[in-house]
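Okay, so here's the structure we're looking at.
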């Protein structure tokens, strides 16, 4: 699927620099200030800022859903995270809620969280975020469009940022996105100063409490195709940036110690912001267009195949593309926050690479579909066939459970993801929420239906298993009722297993579909692709 034009949702509103403001969905425009001001505050005496029980439950649910939603998940650099102080994680923001989710699930500590204001007031989701003590943040876009007064925004944001800073100072993790909004671009937007000001406030508070000063951890968030089900993700924790005492003015230390705020010197804020951007830029795609990104990945595949070491994981593919990028792009570009878009890649090899990658993209293929030499499309790996047949057969056996419990969630996720007015970067967020809340709402109903069906078919089931299952715990109405309750609970893991099997069967289907596409590609298209690949092979040793 091609990435959308980032201007698709532009409505003409601009900030004081003349740049387009982030598009606001209907939900983001609906600001409920009274509810926002009543948001529960986190506590720092325990291991979680919010409810311990509900935090653990939510983490458990999110990990189960992630195992189904993503084909592979990998995290590196976790050892870079110091455990004796607070950490502020910063990453670019292209995949909505899933960005923050991937960071928090992989991080060794629990997080004090800040989020867009409507995530705290939405039905159902708001209940969970309040249990997690998520703090609402009003973006500049809401303020400039008149969603609230400047006084209300300053009060709410000031309270939220001080609360987040306090959590960081007490040793918790936190994630803030310097761009301030999720987006569709292939490069980072201009950085806002909120994250830097927050970590400086955290440093000031930690200093007043005689605690270790916090660090900023720059991150790379790498999704193969972020809006696709069963895509790959790699979370790359970078080297931390230590906040030092020289970064924190005494006025700020005195102010936060008294629960108020004093603006740190602008030069310190801008210097740390630019340093953060310098560290984060190499951890992103950092290209002018997505077409260049796909071309770099194709070049990485070809180069690794030339070395008889094809990338067999998503992380290795990203690193291979990054190596090519470093070799063909000038690295002396000055980091300019006000002009974030990189220049187009001008190296001669990029043109045939873009053309070849586009042929693959138009057919739903990528560099993984090349042969071992990188000169043509590959055939199929028949060694995977027995495993594929086995797990696809297991899924078919569990199909009744899947249809009963997960079909409503699929329909809901598809409808929400395809109808959102927030752009493709929000698509998987809605699908994830449909999976999470759908499980909580639909599975109890589905389990009840399954138990009723089992009770109505009691005689047939007992004949098949040669056992009266309703009397397994004893005879009588009381024991029958207990058995029904056990059966009701037993169906829950069966629903999850059917969902897990469905995701594996989907992998097998997509693998087979791509094999058919490779096999049936038009001869003229394939010849054109082979010619472009041969051209790349001639040029790639020169870079």
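Of all beta bridges that DSSP places with both ends in the chain, some 35 percent have antiparallel geometry.
Taking the DSSP beta bridges with both ends in the range 44-283, the antiparallel portion is around 30 percent.
With a Förster radius of 35 Å applied to the beta-carbon distance between residue 190 and residue 313, the computed FRET efficiency rounds to 0.60. Among 216, 78, 65, sorting on how many other beta-carbon atoms sit within 10 Å of each Cβ, with the fewest leading, yields 78, 65, 216.
State the extension gain, in nm to one decimal, for the chain segment bounded by residue 274 and residue 489, taking 0.36 nm per residue of separation less the distance between their alpha-carbons.
The span from residue 274 to residue 489 would gain 72.1 nm if fully extended.
If the viscosity is 0.692 mPa s and the temperature 37 °C, what translational diffusion coefficient in µm²/s does Stokes-Einstein give for the chain when Rh comes from Kirkwood over Cα pairs? Reported coefficient: 127 µm²/s.
How large is log10 I(q)/I(0) at q = 0.13 Å⁻¹ when the Debye formula is applied to the Cα atoms of the range 290-377, each weighted equally and without solvent? Summing over Cα pairs of the range 290-377 leads to -0.43.
Helical runs assigned H by DSSP (4 residues or longer) give the chain a calculated mean residue ellipticity at 222 nm of -17000 deg cm²/dmol, each run adding -39500 (n - 2.57) before division by the residue total.
If the chain between residue 242 and residue 527 were fully stretched, how many nm would it gain, using 0.36 nm times the residue separation less the Cα-Cα distance?
Contour length minus Cα-Cα distance gives 97.2 nm.
Taking 19 Å as the cut-off, the amide N atoms of the range 185-221 that come nearer than this to a point 7 Å along the Cα-to-beta-carbon line of residue 337 belong to 187-204, 215-219. Using R0 = 45 Å, the C-beta based FRET efficiency linking residue 403 and residue 267 works out to 0.15. Extension gain for residue 542-residue 254 works out to 97.8 nm (0.36 nm per residue, less the C-alpha to C-alpha distance). Normalised by the number of residues in the chain, the average gap of Cα pairs under 8 Å and 6 or more apart makes the relative contact order 16 percent.
Every read-out reported here was derived from the displayed coordinates using simple, explicitly stated rules and does not represent laboratory data. The shown structure was predicted, so the numbers you read here are calculated from the model rather than taken from an experiment. All Cβ positions, even for glycine, are placed from backbone atoms using ideal geometry, and neighbour counts span all protein chains on display.
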